[in-house]
Amino acid sequence: MTFKKALIGISAAALMSGAALAANVALKAGATVSDTSGGQVGTIESVNGDLAVVSTGTNKVSLPVSAFGQGEKGPIIAMTKAQLDAAASGAKASAEADLKAQLTQGASVYGPDGAVAATVDTVDAQFATLTVGDQKVKLPLDSFSKGAQGAVIGMTGAELKAAASGAAASQSASATPGGTAQN
């Protein structure tokens, strides 16, 4: 993925200090976002409810709609592209550190239903190996997100176990009598 996405939790007042807040800013996909000095910050990729996703070319950042003002040439925010990219990078690094703290040996991993889906066996720079029943499953670290109880994956324990069983069965079926997989 070329872009990194982060949700920047910055108050609208902080974003718009020095710029007029506009209650009726027309935000739509494709609009160019500028800073208060007229420098290009990025492009609005989407607007969903009270959030607008701005792509700076380096990051994709969700900002509250209330953070935008109306400039002469379209929507403005009170951050330069460099400031927004720095904030996004900081938020990403913080989120990665928080998640890493939750992915430790023996820690529970939760499904979207809030129930324990697996237990962390090992973690390296790219993958976490989970114990699911009597099976091991290796997943990329970007499969996890930080949750209130611990790391979360997008599958319930039953779904993860079924996927692991299906993968194990597929590998067994593709192995030759000599024990190597066929291509």
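Key figures
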{"read-out": "Tabulated pairs, region 77-90, first surrounded by fewer than 19 Cβ atoms within 10 Å (Cβ to Cβ), second of a type in the set (Lys, Arg), C-beta under 8 angstrom, 6+ apart or interchain", "value": "89/4"}
{"read-out": "Verdict on residue 74 being surrounded by fewer than 19 Cβ atoms within 10 Å (Cβ to Cβ) and among the small types (Gly, Ala, Ser)", "value": "yes"}
{"read-out": "Residue selected from region 72-119 under the condition touching a strand residue (DSSP E or B) at 6+ places or on another chain (Cβ under 8 Å) and among the hydroxyl-bearing types (Ser, Thr, Tyr), by the criterion farthest from residue 151 (Cα to Cα)", "value": "80"}
{"read-out": "Where residue 106 falls short, out of the listed (1) at pLDDT below 95; (2) exposed (fewer than 14 other Cβ atoms within 10 Å of the Cβ); (3) of a type outside the set (A, V, I, L, M, F, W, C)", "value": "(1)"}
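For every residue, the table says whether it meets (1) in a strand (DSSP E or B); (2) at pLDDT 90 or above; (3) touching a Gly at 6+ places or on another chain (Cβ under 8 Å); (4) closer than 21 Å to residue 89 by Cα.
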residue: 13; (1), (2), (3), (4): no, no, no, no
residue: 21; (1), (2), (3), (4): no, no, yes, no
residue: 26; (1), (2), (3), (4): no, no, no, no
residue: 34; (1), (2), (3), (4): yes, yes, yes, yes
residue: 38; (1), (2), (3), (4): no, yes, yes, no
residue: 47; (1), (2), (3), (4): yes, yes, no, no
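The values are calculated or read from the model by the stated rules, or taken from the named source; none is laboratory data. From a predicted model like this one, the values you see are computed outputs, not experimental measurements. Neighbour counts are summed over all protein chains in view; Cβ atoms, including those assigned to glycine, are modelled from backbone coordinates with ideal geometry.
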